[in-house]
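A.B. asks: Mind looking over this structure? Questions follow.
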Amino acid sequence: MGAPISLRAQSMWLFFAKIISFILALALPLLVVRHLSQHDIGTYRQVFLIIANASTILPLGLPMTALYFLPREPQYRSQIIFNIMLFNFLVGAAFFLLLFLFPQIPAKIFSNSEIEKLAVLIGFTVWLWVFSSLLEVIAIANQEPRLATAFIVFSQLSKTSMMTVAVLLFSTVQSLLYAAIFQSILQILILLVYLTRRFGNFWFAFDFNFLLKHLRYALPIGFAGLIWILQGDLHNYFVSYRFGAEQFAIYAYGCFQIPLIAILREAVASVLIPKMSELEVKGNKAEMIRLTFRAIQKLAFFYFPLYVFLFLTADTFIKTLFTERFEASIPIFLVNLTLLPFEILILDPIVRAYRDLGDFLLKVRIIMLAVLIVFLYLATLYLNLTGVIAIVVSMIICEKLIFSLIAAHKLGITLRDLKSLLDVFKIAMISVIAGIVLMPFYFIAKDLSMSKFIAYFNSQFLAGVLFLAVCMVIFSTVYLILSYYSGVIENEEKARLRELLRF
């Protein structure tokens, strides 16, 4: 397969793929809010919430174990793939059968009778999504970042294209489900070709003892992941049931996740997981700490300024993306945005490197989930939508801080080690300064510039995009100049930047 590819190169390939994926995916929500009624938007968000959650929960994290086992157990390569394929096929089939026999379940969960008519399509979509989602994960685990990049871009391009056609031609939730089904079938065909070429007749490989070992590693982390997903999305179900589809549409777009956040984090985590597992086997905690701090610093370099910029421009950002119909989403968005600075705490690679941490994480999350359920029940009874999201954000931050302390103890991180994070503090200060510089321009020019741009382009979307672009240029220029001269950008990176500017 050639020379091994560095962690930085792997991260950049995956980051590039996710960026392209983000650009392609951004078109769909923009079309949905402009072609569907608010009630249908709420139903669409509910339907694809089920699909996204079920597709992530049902595999119980087994596909991600390929990142752990392929480097460690090369003699079981074929069985690792077979175990994952078989498990995903069976859990997807079980979910489809459940909704086929009891289509009223999702309708009752969301208090939306329209979903009952779509239940069988939802179940079938989940079955296919669970099975087809292996494509990029296996390519990453098999140390083929370029191929994984191609798979990610193709997957998003085909999905966006098919669903865009469905929105433009039919403008129904049902048509979007059919588009998702067709795209998944195409991806499954590519998956089978890829696995056959890389792993041969993997379906004949089976070792019961290794299967048990595989499941013993995967299931504690998988159940912890299940709890994490419930923690992250349970509020959507409470809001849907209590407030209805139209208000859920307001809430869902207020909780809009900036795709760039997950893009960079997933790219870094995907390449750190196998590396951290390798270092844990060698007992090299010092290198594990160094890599973790490097990852935190790199994530902070992007996340902190993004948080400040979006906090200042939230009004224009939400109205530009989702139209003025969703102005009520802005305070929800501002509260939810508070999670962004805490996303630099990248813990998954550490958890997957230490099996006992997976068990502990599961226990902590069960307790946190029980507390969250009680708080959500009370919040949806007595608070508005902004109050509900404030409860959710507070609980997630609390858990991140608790488990960061546990992970730090496991790695033996001391106060002396924390000096390595000085640049993170610098990045925070520089981000705030850049925001202060932008603030007077944004608030003075917003109304005047937007009205002129709208009159010129005859489109609020294009006007908003242009105004945000101008604000981003001002903010980014200040941020990058301060980063350059404060030493946040390292000498090697400065040299690359100078080469790029000369080019």
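The values are calculated or read from the model by the stated rules, or taken from the named source; none is laboratory data. Note that the structure is a prediction, hence the values are computed from the model and not measured. So basically every Cβ, Gly included, is an ideal-geometry build from the backbone, and we count neighbours across all protein chains shown. For the accessible areas, the whole protein counts, side chains as well, though only heavy atoms, and no ligand, DNA or RNA atoms are used. Shrake-Rupley method; radii C 1.70, N 1.55, O 1.52, S 1.80 Å.
A.B. asks: Restricting attention to the range 316-329, which residues are touching a residue at least 40 places away in the same chain (Cβ under 8 Å), surrounded by fewer than 20 Cβ atoms within 10 Å (Cβ to Cβ) and more than 10 Å from Gln460 (Cα to Cα)?
C.D. replies: Of everything in the range 316-329, those that are touching a residue at least 40 places away in the same chain (Cβ under 8 Å), surrounded by fewer than 20 Cβ atoms within 10 Å (Cβ to Cβ) and more than 10 Å from Gln460 (Cα to Cα) turn out to be Arg325, Ala328.
A.B. asks: Could you give every pair whose Cβ atoms fall below 8 Å, whose first residue belongs to the range 170-190 and is of a type in the set (S, T, N, Q), and whose second residue is not in a helix (DSSP H, G or I), counting only separations of at least 6 or pairs across chains?
C.D. replies: From residues that are of a type in the set (S, T, N, Q), the pairs are Ser171/Leu36.
A.B. asks: Moving on to the next point. Give the residue that is nearest to Ile181 (Cα to Cα), with candidates limited to residues of the range 127-152 that are at pLDDT 80 or above and among the polar types (S, T, N, Q).
C.D. replies: Ser132
A.B. asks: Shifting gears a bit: Take Leu90 and decide whether it is without any contact (Cβ under 8 Å) to a residue 24 or more places away in the chain, part of a helix (DSSP H, G or I) and either within 25 Å of Ile190 (Cα to Cα) or touching a Cys at 6+ places or on another chain (Cβ under 9 Å) (or both).
C.D. replies: Yes.
A.B. asks: On to the next question. Looking at Ile454, Ile489, can you tell me which residue is more than 21 Å from Phe342 (Cβ to Cβ), at pLDDT below 70 and open to solvent by less than 90 Å² (accessible area, probe 1.4 Å)?
C.D. replies: Ile454
A.B. asks: Would you point out which residue out of Ala249, Ala262 is in a helix (DSSP H, G or I), surrounded by fewer than 23 Cβ atoms within 10 Å (Cβ to Cβ) and either modelled with pLDDT of 95 or more or aliphatic (A, V, I, L, M) (or both)?
C.D. replies: Every option except Ala262 fails the conditions.
A.B. asks: Something else now. Looking at the range 476-497, I want the residues that are under 18 Å from Ala300 (Cβ atoms) and have a partner that is outside any helix (DSSP H, G or I) and open to solvent by less than 40 Å² (accessible area, probe 1.4 Å) with Cβ atoms under 7 Å, at least 6 apart or on another chain. Which pairs are those?
C.D. replies: Qualifying pairs under 7 Å: Ser483/Ile489.
A.B. asks: For the range 271-364, which fully contained helices (runs of 4 or more DSSP H) count at least 2 residues that are in contact with a Leu (Cβ under 6 Å, 6 or more places away or on another chain) and farther than 15 Å from Phe256 by Cα?
C.D. replies: Where helices (runs of 4 or more DSSP H) fall fully within the range 271-364 and carry at least 2 residues being in contact with a Leu (Cβ under 6 Å, 6 or more places away or on another chain) and farther than 15 Å from Phe256 by Cα, they are 285-322, 348-353.
A.B. asks: When the residues of the range 58-98 are narrowed to those that are of a type in the set (Gly, Ala, Ser) and more than 22 Å from the chain's Cα centre (by Cα), which ends up surrounded by the most Cβ atoms within 10 Å (Cβ to Cβ)?
C.D. replies: The residue in question is Ser78.
A.B. asks: How do the pairs read when you match residues in the range 234-250 that are at negative phi with residues anywhere that are crowded, with 21+ Cβ neighbours inside 10 Å and among the charged types (D, E, K, R), using Cβ under 9 Å and keeping only pairs 6 or more apart or on different chains?
C.D. replies: Once the first residue is at negative phi and sits in the range 234-250, its partners that are crowded, with 21+ Cβ neighbours inside 10 Å and among the charged types (D, E, K, R) give Asn236/Arg45; Ser240/Arg45; Ala245/Arg45; Phe248/Arg45; Ala249/Arg45.
A.B. asks: Of the conditions (1) modelled with pLDDT of 85 or more; (2) surrounded by 15 or more Cβ atoms within 10 Å (Cβ to Cβ); (3) polar (S, T, N, Q); (4) out of contact with any His (no Cβ under 8 Å at 6 or more places or on another chain), Thr196 fails just one. Which one is it?
C.D. replies: (2)
A.B. asks: Filter the range 331-371 down to residues that are touching an Asp or Glu at 6+ places or on another chain (Cβ under 8 Å) and crowded, with 21+ Cβ neighbours inside 10 Å and give me whichever is farthest from Ala66 (Cα to Cα).
C.D. replies: Within the range 331-371, the match that is farthest from Ala66 (Cα to Cα) is Arg365.
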